[in-house]
1. Taking just the alpha-carbon atoms of the chain, what radius of gyration and Dmax come out, in angstrom?
2. Across every pair of different alpha-carbon atoms, what Kirkwood hydrodynamic radius in Å does region 139-214 reach?
3. What does the convex hull of the Cα atoms come to per residue for region 252-308, in Å³?
4. So what does log10 I(q)/I(0) come out to for region 219-274 at q = 0.23, 0.25, 0.26 Å⁻¹, using the Debye formula with one equal point on every Cα and no solvent?
5. Go through 419-432, 309-322 and give me the packing order, highest mean Cβ count within 10 Å leading.
6. With all distinct Cα pairs included, what does the Kirkwood hydrodynamic radius of region 1-107 come out to in Å, to one decimal, could you say?
7. How large is the Kirkwood hydrodynamic radius of region 45-159, in angstrom, based on all distinct alpha carbon pairs?
8. What is the mean projected area of the alpha carbon convex hull for region 304-442, to one decimal in square nanometres?
Amino acid sequence: MNKHSLSISKIINGGFGLGQLTDGRLAMIRQALPGEEVVISTEEEKKNYLVGNVVSITTPSPFRVDPPCPYYAACGGCDLQHASYEEQLKIKRDILMDLLTRQKNLTDKDLTCPIAPPLPAPQQSGYRQRIRLWIKDGAVPGFRQRRSHNIVAVRRCLIAREELNQSLAALLDHPPATKLFTNTSELELLYNPVSTKVTALFHLSRKPRPADTAVAKNLVETIDTIERIFFTGQQFPITAAAPVGCDNLFGLSCEPVGTISQPFTMQWEVGGFCQVNLEQNIQLVKLASEYAAISAEETVLDLFCGSGNFSIPLAATARSLMGIEGQGSAIRSAKTNSSNAGLTNTTFYKKPIHTACEELTGKSASFDCLVIDPPRQGIPGLARQLSKLCRSRMVYISCDPATLSRDLGDLVAHGFRITRIQPVDMFPETHHIETVVLLEKH
């Protein structure tokens, strides 16, 4: 095992500390902080760089703290626990700035607006609404190690809601549950904000049998925090196991907004997407709505609309809103949520986004405002169509700063101007960054 001494200059995307060896190669180091002098061991070595781990710290950062999670050293999840929260926010802003300034398709002229300080999360821990654990060879559930398929068995997760941790501990202590683990590859635990109970989704390696359903019934009857259990797998769809035939919906009560005069419920299905940080999502939606600045006469196109997280509050002000999403369960939820809110000016379609944009541009459709919230891969190849579809402005909500930087370069080349950039800390203790960007047409 090779060891090296080096200085950490900054944290780069992925949460690695960056340093340079005496031979000129770059070193990407886990669990390091800017300004630290460290001794590292080599984990992976390439011609121009290496990946390594901190062995000892010669000069620690004043912002270094003791990681509060006992699984931190091995688990591949929360990779910034060794930094104070203020330092985490600074690191995330610096990562975003570094990626944007190094994007070859963006010049200083394109980046005249400042990157705002990240919007802090209401809670630094205990914020996740759902967790997914892996199960290998019938062993106990856990999270994957960094850069490995090995499983770290856990009893609780620092960033998961307490209801999820209580449910996980109860399952681990319940002998019948271990029978289900034998034929389970993944276990999802999901918090229901309406009931304050937990739903468990077992990903089985085979079709469920009566004995599996009997175990599920026993778990729901004997574990107070778990209200429903579902099975799913490659050979069969999501199936209600206990109570048999129970509904598959989650709900979240929302405050009146725009023309919606009464509180309403946003719903989504088991297996459907929703933001995992429910409290911070409230601030995220308000920010996106502020950037969109929709008037009563304007039209909106919401791409990757999900269950209507942004669609519903925007439609409450707009003349009309069209939402498009590739996931069928999300579109079903979006339609239900629009109806729950009493809206009559929305249309939602299930269709691949690239296909939908091609069809809309072929019809010469256009909208005053576009809202896009893509998955991590971003929107490669869509800038030309989006430029044609957008008459005035676009709000881009990104969960990956690398693909965001690439996409912003493409959008600027197709007639957009970046006017506001606001990072939002949806995932404290991790390097992940949510960013909201306002772009305007020239």
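The values are calculated or read from the model by the stated rules, or taken from the named source; none is laboratory data. This structure is a prediction, so every number in the text was calculated from the model and none was measured. With ideal geometry, Cβ positions are generated from the backbone for all residues, glycine too; neighbour counts draw on all protein chains shown. For the accessible areas, the whole protein counts, side chains as well, though only heavy atoms, and no ligand, DNA or RNA atoms are used. Shrake-Rupley method; radii C 1.70, N 1.55, O 1.52, S 1.80 Å.
1. 23.3, 66
2. Details: mean 1/r = 0.0741 Å⁻¹.
It is 13.5 Å.
3. Taking the convex hull of the Cα positions in region 252-308, it is 96 Å³ per residue.
4. Here log10 of I(q) over I(0) equals -0.95, -1.03, -1.07.
5. Numbers: 419-432: 21.1, 309-322: 23.8.
Highest mean packing first, the order is 309-322, 419-432.
6. Values: mean 1/r = 0.0695 Å⁻¹.
About 14.4 Å for region 1-107.
7. 17.5 Å
8. One quarter of the hull surface, i.e. the mean projection, equals 8.5 nm².
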